[in-house]
């Protein structure tokens, strides 16, 4: 464990004290992945586990923000300290974002026991910004006993909420038909509560019926203490809200608060922040290191495994004379090999044999002897046969700052 | 610190009773397109609400749009920000501000006043600079 520098130690102390300015600043540090924020997140996580964290997700326009506002109001009324993390999409072009959830949360936002923070997704997949988990732990450690995470309108892949929330609520507005089809393979399976929103609209009952039907088709898991519930809610009419809150609270009682902390496999900081925080990090590192030791090219170039996880790998190397081209710069092939090593490990991490069938790379900056490079690969998509992986190659600078060197995308064919 | 090292966080809002929000929407969109993260609110915000929001969202710059004499309550906002310990947050005003009323705004701590005719590029460039200043101040003080 690294030692916290003074500023961060002070901030951590402020957060634990419930100082709102310290909380706000800490969240920004997480969001920017500033040097030292990783260690601070670690020390805050040690104090987390008391809050009930509820993830709210659903297709765009499902009514997530409206429901969050209703939940916020109800919990404040019951005397809870409530923190909300609202995640909005970012522009793929400029990287900017308009964080507009405030528009609908004005009513309770001014309450002294409420803390509302928006994050932009910063291009992350999975419906969550990469700093989400650290932010949730921060709120938890600061004494908020109810935390709501509202995600970018979700589709099939936005299941990362599992690792962020103790209780997952999926909103399904009525009458979408195809919309339900589209999400049922993904997020419906992770729902603890399925809420049919806009219950004042016609066909809401029908949608609820379809969802119940769908749940009965699923294979029952006898170990599960909780059976997914389907409920009807209408936030503007405050109908079904009390029942929904009761269901969420009950789920928290049955499954326990802090369940999220036990699911390290989906640490959202994949591809950017740490991988090593997960409980089984050592197991993963050893597993991937064993593969690397059998890899002739990795041995030749001096590539070693830093961390790994399902669908993820981080490798590192220090550039020396062996890696140079005739112009005295680092050979593009060296960087490709590093990115490719991470890609190979990530794509083979699930056990099934995955063979690369295509890969591309960009080169942003020059690299010199002595530079420390890391490559982080993460899973972009994976079906039965085809997996797409992205790898970023970064140069480690002073204070652990990272400069992007290369972006790499690779596709694998998966043999069954 | 430059804007390259971080994403500026900007609050675009309106205080007072003026409901003309077309300008603030345009500026919010321009800031987004310039790569900033913009917290946008509808008009008619109260000063305590703006202060709480600025604190929780840890914004670097607050842009107040004023088209109907609401700039006259900006000094009250400045005092409230100071009281909340948000001295580092830079505040700019855009809209209709008569020349003879500018000094009292600047004296209260407003950094810049954007008058009609200012280009969006100019606005976003300056906001970005103020955001860098604010971040630097945050890095120095710790909060």
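Read-outs throughout are calculated quantities, based only on the coordinates presented, and are distinct from any laboratory measurement. Worth saying up front: this structure is predicted, and the values here are computed from it rather than measured. For neighbour counting, all protein chains shown are included, and Cβ atoms are generated from backbone atoms with ideal geometry for every residue, glycine included.
Please report the antiparallel percentage of DSSP beta bridges with both residues in the stretch B:3-141, rounded to the nearest 5.
In the stretch B:3-141, DSSP labels about 0 percent of beta bridges as antiparallel.
Give, as ranges by residue number, the residues of the stretch B:18-55 whose backbone N falls under 16 Å from the point 7 Å along Cα→Cβ of residue B:72.
Counting backbone N atoms under 16 Å from the label point, the list is B:18-19.
Once the mean 1/r over all distinct Cα pairs of the protein assembly as shown is inverted, what Kirkwood radius in angstroms do you read off?
About 25.0 Å, per the Kirkwood formula over Cα pairs.
Where does the protein assembly as shown land at 222 nm, in deg cm²/dmol rounded to the nearest 500, when only DSSP H runs of n ≥ 4 count, each adding -39500 (n - 2.57), divided by all residues?
It comes out at -11000 deg cm²/dmol, rounded to the nearest 500.
Once you have the Cα-Cα distance between residue A:9 and residue A:216, take 0.36 nm times their residue separation minus that, and quote the gain in nm to one decimal.
69.5 nm
Taking a ≥ b ≥ c as the square roots of the Cα gyration tensor eigenvalues, with a/c under 1.5 meaning rounded and otherwise prolate when a/b beats b/c, else oblate, which class fits the stretch B:54-143?
Oblate, since a/c reaches 1.5 and b/c is not below a/b.
Quick one: if you stick a label point 7 Å off each Cα along the C-beta vector at residue A:46 and residue A:239, how many nm between them?
A separation of 5.1 nm, rounded to one decimal place.
Multiplying the sequence separation of residue A:300 and residue A:386 by 0.36 nm and subtracting their Cα-Cα distance, what value in nm do you get?
Result for the pair: 28.0 nm of gain on full extension.
Once label points are set 7 Å from the Cα along Cα→Cβ at both residue B:79 and residue B:26, what is their separation, rounded to one decimal in nm?
With each label placed 7 Å out from Cα toward Cβ, I get 3.3 nm.
Shape verdict for the stretch B:1-102, please, from the Cα gyration tensor: rounded (a/c under 1.5), prolate (a/b greater than b/c) or oblate.
Judged from the Cα gyration tensor, the stretch B:1-102 comes out oblate (a/c at least 1.5, b/c at or above a/b).
Apply 1/(1 + (r/R0)^6) to the Cβ-Cβ distance of residue A:327 and residue A:415, taking R0 = 35 Å, and write down the FRET efficiency to the nearest 0.05.
It comes out at approximately 0.30.
Stretch residue A:209-residue A:176 to full length: gain in nm at 0.36 nm per residue minus the Cα-Cα span?
My answer for the length gained is 10.5 nm.
Pop a pseudo-label 7 angstrom from the Cα along the beta-carbon direction at both residue A:249 and residue B:122 and give the gap in nm to one decimal.
Output for this residue pair reads 5.7 nm.
Rounded to the nearest 5, what % of the DSSP beta bridges within the protein assembly as shown are antiparallel ones?
Taking every DSSP beta bridge with both residues in the protein assembly as shown, the antiparallel ones total about 45 percent.
Efficiency by 1/(1 + (r/R0)^6): what FRET value for residue B:17 and residue A:289, r their Cβ-Cβ distance, R0 = 56 Å, to the nearest 0.05?
Working from the Cβ atoms, E equals 0.30.
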